[in-house]
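Participant: Below: one structure in structure tokens.
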Amino acid sequence: MTQHIIDLADADLTLGNGASSVHVMKRMSLKINAGESVGIIGPSGSGKSTLLMVLAGLEKIDSGAITIAGAELHSMSEDAVADFRGRHIGIVFQSFHLIPNMTALENVAVPLELAGRNDAFEVAERELRAVGLGERLSHHPGEMSGGEQQRVAIARALAPSPAVLIADEPTGNLDAETGRQIADLLFAKQAERGTTLLLVTHDPQLAARCNRQIKVRSGEIVDDGLGQGQPVAQARGAYA
């Protein structure tokens, strides 16, 4: 029997109020298997990054249900979701989101310390060495290249051994060659650990490396990669 690590059912979300409100998720439903790599694609403003933020527990849906690794995030408190995210979901952002006055080692270790890990610095060093940064442990973000900073962010995301790894345009701020190296690293770590990878990208070549591609348009999933979603004719012309 197939194990769904992510089950999103009829998720609806509106941001803003009154005339400025935007219906960003329209009854989205999605099932993702444990260990899958999934590319989420669509035009700007389609709702793909919002979908990712909902799956990361960073945005709460108005209605519907979201279950990740057996936890029903839609019925949990904000603190409970944050605790769950810290233990089970790793996130890599386009802009790295490293703390400037902390070293690479501290950037990876501090979230583990906050989660109560006694071995935070040992784990952080191991993860940084695993992404090729064994010689950069004491360097600050400003002393590292963009590619190195993204490697720190990947090490930080992987340090808690999450079941789900979420990446939002992880190569968007990098040149082509560095972006390819970061993509290689992400897919290598995902395969090595059996982690479920969700990847938002504008790069069709990067999305094509995933097991499955999900297409989003106007707050709806028009193709879930399994032949379900809105009829293809409705989505035609939405993607280059």
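The values are calculated or read from the model by the stated rules, or taken from the named source; none is laboratory data. This is a predicted model, so every value here is computed, not measured. Reconstructed Cβ throughout: ideal geometry from the backbone, glycine too, with neighbour counts over all protein chains shown. Accessible surface is based on the protein model in full, side chains and every heavy atom, while ligands, DNA and RNA are left aside. Shrake-Rupley method; radii C 1.70, N 1.55, O 1.52, S 1.80 Å.
Participant: Keeping all protein chains in place, calculate the accessible area per residue for the chain (probe 1.4 angstrom), answer in Å².
Facilitator: 47
Participant: Further question: Between Gly116, Thr195, Leu30, whose Cα lies farthest towards the positive end of the dipole of the chain when Lys and Arg beta carbons carry +1 and Asp and Glu beta carbons carry -1, centred on the Cα centre?
Facilitator: Leu30
Participant: Let me ask another. For the chain, please report how many Lys pairs fall under 23 Å Cα to Cα, leaving out neighbours fewer than 8 apart on the same chain.
Facilitator: For the chain, qualifying lysine pairs total 10.
Participant: Quick one: what does P(r) look like for the range 1-84 with 10 Å bins over all Cα pairs, in whole %?
Facilitator: P(r) for the range 1-84, in whole percents per bin: 16, 49, 29, 5, 0.
Participant: Where a ≥ b ≥ c are the square roots of the eigenvalues of the C-alpha gyration tensor, would you call the range 85-126 rounded, which needs a/c under 1.5, or, failing that, prolate if a/b is larger than b/c, or oblate? Don't jump to the answer; show the numbers that get you there.
Facilitator: Values: a/c = 1.98, a/b = 1.18, b/c = 1.68.
Judged from the Cα gyration tensor, the range 85-126 comes out oblate (a/c at least 1.5, b/c at or above a/b).
Participant: Using alpha-carbon positions, what is the distance between the centroids of the range 95-166 and the range 14-31, in Å?
Facilitator: 34
Participant: Also: Once you have a ≥ b ≥ c as the square roots of the Cα gyration tensor eigenvalues for the chain, tell me rounded if a/c is under 1.5, and otherwise prolate or oblate according to whether a/b is larger than b/c. Don't skip to the end; give the middle numbers.
Facilitator: Working: a/c = 1.79, a/b = 1.48, b/c = 1.21.
Prolate shape, in that a/c is at least 1.5 and a/b is the bigger ratio.
Participant: Taking a ≥ b ≥ c as the square roots of the eigenvalues of the Cα gyration tensor of the range 47-178, is the shape rounded (a/c under 1.5), prolate (a/b larger than b/c) or oblate?
Facilitator: Details: a/c = 2.47, a/b = 1.49, b/c = 1.66.
Since a/c reaches 1.5 but b/c is at least a/b, the shape of the range 47-178 is classed as oblate.
Participant: Restricting to Cα pairs below 8 Å that are 6+ residues apart, what does the relative contact order work out to for the range 153-226? Please round to a whole percent.
Facilitator: Computed over the range 153-226, the figure is 26 percent.
Participant: How far apart, in nanometres, would the label points at Leu15 and Ser138 be if each is projected 7 angstrom from Cα along the Cα-to-Cβ direction?
Facilitator: Simple spin-label model gives 4.2 nm for this pair.
Participant: Can you pull the Kirkwood radius for the range 2-41, inverse mean 1/r over Cα pairs, to one decimal in Å? Write down the numbers at each step before the final one.
Facilitator: Values: mean 1/r = 0.0835 Å⁻¹.
Averaging 1/r across every pair of different Cα atoms and inverting gives 12.0 Å.
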